[in-house]
Every structure is written in C-alpha cells, then in structure tokens.
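The values are calculated or read from the model by the stated rules, or taken from the named source; none is laboratory data. Bear in mind the structure is a predicted one, so any value in this text is a computation, not a measurement. FYI the Cβ positions are ideal-geometry reconstructions off the backbone, even for glycines, and counts take in every protein chain you see. SASA here: full protein model, heavy atoms, side chains in, ligands and nucleic acids out. Shrake-Rupley method; radii C 1.70, N 1.55, O 1.52, S 1.80 Å.
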Amino acid sequence: MKSFTYTIKDAEGVHARPAGILCKACKAMAPTKVTVQKGEETAECNKIFALMSLGIKCGDEVTFTIEGPDEDARLAELQELVFSHL
C-alpha cells in the first residue's frame with residue numbers, strides 16, 4: 001500500500017470536471033484500488049459521486065491511497081494527475 005497527502009490548489013476544489021478526470025484515470029488503473037480520505041471520510045476514486053460527496057474544497061488536505069499491483073507506477077501516475085488537475 002502506498003499513499004501521499006496533497007493540499008488542493010484548484011480554487012473551485014474537486015468539482016465535476018476534475019472529479020471526472022480523476023475517476024476515469026482510477027478506473028483505468030484497475031485492479032489497483034485508489035481511495036481518497038478527507039478528515040474521517042473516505043471514498044473510492046473510481047466512483048464519481050462518492051468522490052464529489054466528500055465536498056473537497058481549495059485548501060483541504062486529502063490523502064490518496066493506492067493498493068494493488070504496480071503500486072509504485074500507479075503512485076507516480078496518480079501524483080502527476082493530481083498535481084496537474086487539483
């Protein structure tokens with residue numbers, strides 16, 4: 001299991017567009033499971049409504065967790081995506 005913490009930079013937070021991009025990328029990583037945690041709440045990143053239900057805003061600190069095969073490669077992919085879109 002690999003994880004990293006990130007502070008959201010997008011002024012609008014995780015709204016529909018970046019959530020959709022993240023969701024699509026995480027679905028393509030299957031069978032690797034990607035989750036995001038904000039505070040005490042956790043959601044699977046391949047489920048757009050679960051992701052958006054966290055209400056992630058600009059300045060929020062979230063933790064992404066990657067579990068499955070090729071965790072190192074998937075971690076690098078996810079970090080690149082998050083750093084460029086969130």
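Considering the stretch 35-63 alone, what residues qualify as being in contact with a Leu (Cβ under 6 Å, 6 or more places away or on another chain) and among the hydrophobic types (A, V, I, L, M, F, W, C)? If you could, list the steps in order and put the result at the bottom.
Here is the first cut: in the stretch 35-63, the ones in contact with a Leu (Cβ under 6 Å, 6 or more places away or on another chain) are 38, 41, 43, 45.
A43, C45 - these are the residues of the stretch 35-63 that are in contact with a Leu (Cβ under 6 Å, 6 or more places away or on another chain) and among the hydrophobic types (A, V, I, L, M, F, W, C).
When you scan the chain for helices (runs of 4 or more DSSP H) that lie fully inside it, which ones turn up with 1 or more residues that are within 11 Å of the chain's Cα centre (by Cα) and among the aromatic types (F, W, Y)?
Numbers: elements: 16-28, 48-52, 71-85.
Qualifying helices (runs of 4 or more DSSP H): 71-85.
So how many residues does the stretch 24-37 have that are open to solvent by less than 80 Å² (accessible area, probe 1.4 Å) and closer than 15 Å to L75 by Cα? Break it down into steps so the answer makes sense when it comes.
From the stretch 24-37, those open to solvent by less than 80 Å² (accessible area, probe 1.4 Å) are 25-26, 28-30, 32, 34-37; that's our starting set.
Among the residues that remain, those that are also closer than 15 Å to L75 by Cα are: 25-26, 28-30, 32, 34-36.
Going through the stretch 24-37 one residue at a time, the tally reaches 9.
In the stretch 1-22, how many are in contact with a strand residue (DSSP E or B) (Cβ under 9 Å, 6 or more places away or on another chain) and open to solvent by 10 Å² or more (accessible area, probe 1.4 Å)?
To start, the set of residues in the stretch 1-22 that are in contact with a strand residue (DSSP E or B) (Cβ under 9 Å, 6 or more places away or on another chain) comprises 1-8, 14, 22.
Filter again for open to solvent by 10 Å² or more (accessible area, probe 1.4 Å), leaving 1-7, 14.
Qualifying residue count for the region: 8.
Of all residues in the stretch 41-64 being among the charged types (D, E, K, R) and within 12 Å of V14 (Cβ to Cβ), which is surrounded by the fewest Cβ atoms within 10 Å (Cβ to Cβ)? Let's see the steps before the verdict.
Here is the first cut: in the stretch 41-64, the ones among the charged types (D, E, K, R) are 41, 44, 47, 57, 60-61.
Applying the additional criterion that residues be within 12 Å of V14 (Cβ to Cβ) yields 57, 60.
Details: K57: 14, D60: 16.
The qualifying residue surrounded by the fewest Cβ atoms within 10 Å (Cβ to Cβ) is K57.
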